[in-house]
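Chemist: Dropping a structure here in structure tokens format, bear with me for questions.
The values are calculated or read from the model by the stated rules, or taken from the named source; none is laboratory data. Keep in mind that what you see is a predicted model, and the values were worked out from it rather than measured. A quick note on method: Cβ atoms are made from the backbone with ideal geometry, for glycine too, and the neighbour counts reach across all protein chains shown.
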Amino acid sequence: MVCKVLRLLSSVIPDSNTLLLLLLLLAVNSLGTRNCQTMSGSNIYSALKPLYLATKLVGLAPYPAGKTGTAIPDVTTKSRFGFCTLHNYIAFLYLLAWFIFNVTWEGIYRYPKLSNRSIIPIVIRTCSFASMCLSSLILCHRGTHEEFCTKIALVDQILLGKKASLSYMKTKLIVVIEILLMVVMSCFMILFDMNGRNVSFISTVKLSGWIVGGVIGTITIIQFVIYVLILKNRFRKLNRQLSAMVVRGFEKETLETLLPILDQPNKIGFAGEVNVVHGSKNLHKNDPLFLSVSNIRNQVLQYNNNHIRALRLSHGILCDTVKIVNSDYGFQILSELSYAFVSFVMFSFVAMDAKNDPTVADCEIGSSCVRVITDLCISCLCILKVVTIAASCHAVTSEISDTSIIVQKLVSPRYISGDTLSELQLFSQQLWNTDSRFTAFGFFELNLNLLCSMAGTATTYIVVLLQLK
């Protein structure tokens, strides 16, 4: 069929250059039409497209971008051994070879020149760095990106509504800003690190490994934080829709109704009696606990049961997404936090102890001040990484806790229809049986309490290292 079309075109257009130009325009037009069809309308796939391209650039995306514009994953396409998978394997083998070379070279030529108190944090930092990079390259084959986008696209139909396009634009803007900040900060750190060093083949190979691994680790953190922030936003949207159902001032009104009854117990008009069995006699006594319903509320509230059911199912999908992200990124976050902690301790110690142990800073004497400033900047970056991870996870946990409070207010003493009460009770049981907390591979919980623990431990280690002779 294609040959017939080409023959027809060649008979109509004898010039080969014109024919080639026409075919090129047709190809560009078809690609543009396809892109317009797939990207028509904003969706979570297009919002996270810059993040996918950044991860693909460093070998962290050995999978397709996903089926754009739909909430159903494409299970018909089989994974093939393509360029992205090959790129992932090459990056893994390169970092593994670099780690072996770096440890061997440092052990032969550098470690013997250092003091014993300096070798331990350097070795731990190098091992945690390699663990973080290699685990990110290995575990990225799970396809978390496509599964995450699938679930978020499903709940967005209920939670976002007409404001979906604006939310997706904000998400894309945040992703682009974070990637640009990562590039700018990486360039500045490379320039600072190269200052005062003797550039050679060995130093270039060693520095290239740190740069590639640092970019992989930073993009992994950006991926995790973006996913967590999206989950936080969706939980907040869900809480706002639930809060709109809460009757404002109901607790105050109910309490004001109960106060005169509680202040005058002897004047209560009892609404019923209870039978008290005393031996063989049945005594009929008025029970002050059974108050008249009309004294509290005589209005039956009606809610949209389908809306509550949709919010409950959306909450379940979001909690499942939290578990998926926590499971797929738990080990990488543990390695990244370990690397950031050891780096903070080591560079803070090196900056404070540079005068007593000048061999730690491999630079000329004239640039020692720059090296100290660089070490302090790296320490600040480590703090920034930990704060970003802990604060974002803490925000999601807080939103989930707010959901429990709002649902409890809806189920609180109020006369509502039976179907609505059943849905709210199911929602309450779902909240009770769901544990949606972020952990570092199960070792500790990711929240703001982590900052206090790490700060105290880091201070102790730095003081101990400074006092060792």
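Chemist: Out of the residues in segment 394-414 meeting the condition of being over 18 Å from the mean Cα position of the chain (by Cα) and among the β-branched types (Val, Ile, Thr), tell me which one is modelled with the lowest pLDDT.
Modeler: Among those residues, the one meeting the criterion is Val411.
Chemist: For Thr420, indicate whether it is in the same structural domain as Met346 (by TED's automatic domain parsing), farther than 18 Å from Ser314 by Cα, surrounded by 20 or more Cβ atoms within 10 Å (Cβ to Cβ) and not basic (Lys, Arg).
Modeler: So Thr420 does not fit the description; no.
Chemist: Right, here's the next one. In segment 412-469, what count of residues is obtained for those that are farther than 20 Å from Asn306 by Cα and basic (Lys, Arg)?
Modeler: Number satisfying all stated conditions: 2.
Chemist: Here's something else I'd like to know. Here is a check on your reading of the model: is Leu154 part of a helix (DSSP H, G or I) and over 26 Å from Phe441 (Cα atoms)?
Modeler: So Leu154 passes the test.
Chemist: Follow-up. From the set of residues in segment 170-208 that are of a type outside the set (A, V, I, L, M, F, W, C) and at pLDDT 90 or above, which is surrounded by the most Cβ atoms within 10 Å (Cβ to Cβ)?
Modeler: Top of the filtered list is Thr171.
Chemist: Just checking, which of Ser417, Ser412, Ser453 is hydroxyl-bearing (Ser, Thr, Tyr) and under 23 Å from Ala395 (Cβ atoms)?
Modeler: Of the residues listed, the single one that is hydroxyl-bearing (Ser, Thr, Tyr) and under 23 Å from Ala395 (Cβ atoms) is Ser453.
Chemist: Which numbered condition trips up Lys49, out of (1) surrounded by 11 or more Cβ atoms within 10 Å (Cβ to Cβ); (2) at pLDDT below 75?
Modeler: (2)
Chemist: Can you spot a residue in segment 124-137 that is among the β-branched types (Val, Ile, Thr) and either out of contact with any helix residue (DSSP H, G or I) (no Cβ under 7 Å at 6 or more places or on another chain) or outside any helix (DSSP H, G or I) (or both)?
Modeler: No, that holds for no residue.
Chemist: If you check every pair at least six apart or on different chains, which have Cβ atoms under 8 Å apart with a residue in segment 335-356 that is at pLDDT below 80 first and a residue that is surrounded by 23 or more Cβ atoms within 10 Å (Cβ to Cβ) and part of a loop (DSSP other than H, G, I, E, B) second?
Modeler: none
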